[in-house]
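J.: Would you mind keeping the following structure in view while I ask a few things?
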Amino acid sequence: MTTLTRVYAFVLMFSALAYSFWYNLLGPVGTSILLLAMAAITAALTPVWRSRLAGRTRSWRAQPWPLIAYAALGALSIVWSSWPLATAITWVMMALFTAHGILFARAFTREELLTTLERALGAILVLSLALEAWVALVLRHPILPNFSDAPEDPNPHWYWVRGNLFDDLLVGSRIQGIVGNANLLAVLCVLALIVFATRFARRAPHTGARVVLSVLALWLCVRSGSAAMFLTLAAVGAAALIVLLFRRFTGRRARTTLYAAAITIVVAVVAGLLIAKDSLLALLGRSSDITGRTEIWAKVLERAVDSPLIGHGFASPWLPWDSAFDGWIMDHGITVFHSHNMWIDGFLQLGALGILLLITIYATTLWRSWRLAISADAATRSMAPLLLVLVLLVQGLSESAPLMFWGWMLISGLYTFVMPCAAEEETVAADQLGSGSSR
């Protein structure tokens, strides 16, 4: 990878993961200009991408057809959209993030992707700490997005950074980092921990810096106070343990037993969480309505059922200045810009057809990532795609982030990345079957 490609890949990855940093810094107009500029630069670098794609052709079966179909359905929905301008604007953003996700998966090797991810996430962690410390120690007062003047007694949820980094070591008020959102900061910390652990396992250089960044990621995750991310960390840890067991026991009988045990445990844990939901939420400091999410879901579903097959039109995120969303659902005096559940959001926008495509995308990615994680070939197997898609699935239960910006770019890249691996496995399996039958 050339220096130019490496630097530009870092800028792209950082900007996608920390999109709200640019929004809080530059505002909607400035951020839009930045996105379009990046799209223009990507297009201008087409000869570079072609040279990197040389010899990496894919069969038509390995193309990301469900992603293409979802994007096509989103574009087509402008015909019947209840918010056509929002559909047009957000679809362009979705198309850009989809294209860049596919580009990352196709034009970069696994090590290049992990290195770029690690650097981008590391930069977000360090800058988050620096900004929080600057606001707490130097400014000594919270700041609003775009450094706007604060009205008298503003709602704390309006702030970009609240300046409470040093309220306490672990249990102080929630911090939001450069992204200006505690839940987003938390999920980025979890992604960072997964990438750092993968790089540790592969004995990548700069171990000392990675240890420091891992501690910082864990601390920022705790200080973000996201209940969902604590559950996500538990799910990621359990999945990693199961993968290690499958790698250890490769016999058919042993794996059948492991599958049965894993399914039983998952069902039991899910049932236990549902039964003890209120007690668990109270332990995590959350209300029984999941911090108002159940009310949001009810309002979204009430509108969604009016067009259950094709939805009301693509809009990820909802544009708060559009008349269809302005003041529709309010939270702490702020117009909500997504439904806090990617499946409910997908149903509102593109109906049952959209949900079917989303299920296809996530189920395929999950299964192929699983096969890659437990592959007998130690040189090609990787646990990272499985854990990353698992984070998106868990987050999608309480957030709509997997449908937009970095979340959509990540699933687009993961789906595209695991396809060739699966195709190669199927080829090997077919060859082995042919050899066996000829004996």
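J.: Helix-only mean residue ellipticity at 222 nm, the chain, DSSP H runs n ≥ 4 weighted -39,500 (n - 2.57), per residue, nearest 500. What is it?
T.: Values: 15 runs with 291 residues, N = 439.
The helix-only estimate for the chain comes to -22500 deg cm²/dmol at 222 nm.
J.: Further, regarding this structure: Check which residues have an amide H placed less than 5 Å from Asp331's amide H, if you skip close sequence neighbours.
T.: Distant-sequence amide H within range of Asp331: Val336.
J.: Then there's this: What's the ranking of 179-190, 347-358 by average number of surrounding C-beta atoms within 10 Å, highest first?
T.: On the way: 179-190: 25.4, 347-358: 22.1.
Highest mean packing first, the order is 179-190, 347-358.
J.: Next question, about the same structure. Pairing the Cα long axis of helix 110-134 with the longest principal axis of the chain, what angle in degrees results, from 0 to 90 and rounded to the nearest 10?
T.: Approximately 20 degrees, to the nearest 10.
J.: For the chain, what does the equivalent ellipsoid look like in terms of its semi-axes, each the square root of 5 times an eigenvalue of the Cα gyration tensor, given largest first in whole Å? Can you show the working numbers first?
T.: Values: eigenvalues 230, 135, 125 Å².
In descending order, the three semi-axes are 34, 26, 25 Å.
J.: Specify whether the C-alpha gyration tensor of region 10-112 places it in the rounded, prolate or oblate class, a ≥ b ≥ c being the square roots of the eigenvalues: rounded for a/c under 1.5, otherwise prolate if a/b is larger than b/c and oblate if not. Mind showing how you got there, number by number?
T.: On the way: a/c = 2.32, a/b = 1.21, b/c = 1.92.
Oblate, because a/c is 1.5 or more while a/b does not exceed b/c.
J.: Report the gain in length on full extension from Ser148 to Thr256: 0.36 nm times residue separation, minus Cα-Cα distance, nm rounded to one decimal. Write out the running numbers ahead of the final one.
T.: Working: separation 108, 0.36 × 108 = 38.88 nm, distance 5.93 nm.
Taking 0.36 nm per residue and subtracting the Cα distance, the gain is 33.0 nm.
J.: Would you mind checking the tilt of helix 384-395 against the longest principal axis of the Cα atoms of the chain, expressed as 0 to 90 degrees and rounded to 10?
T.: 40 degrees
J.: Mind checking the full-extension length gain between Gln63 and Ile334? Use 0.36 nm per residue of separation minus the Cα-Cα distance, one decimal, nm.
T.: Working: separation 271, 0.36 × 271 = 97.56 nm, distance 4.05 nm.
Net length gain for the segment: 93.5 nm.
J.: Further question: Pull out a ≥ b ≥ c, the square roots of the eigenvalues of the alpha-carbon gyration tensor of region 99-194, then state rounded if a/c is under 1.5, prolate if not and a/b is larger than b/c, and oblate in the remaining case.
T.: Details: a/c = 2.82, a/b = 2.06, b/c = 1.36.
Prolate, because a/c is 1.5 or more and a/b exceeds b/c.
Throughout, read-outs are computed from the coordinates displayed, never taken from laboratory work. Everything numeric in this text was worked out from a predicted model, so none of it was measured. Neighbour counts run over all protein chains shown; Cβ positions are idealised from the backbone, glycine included.
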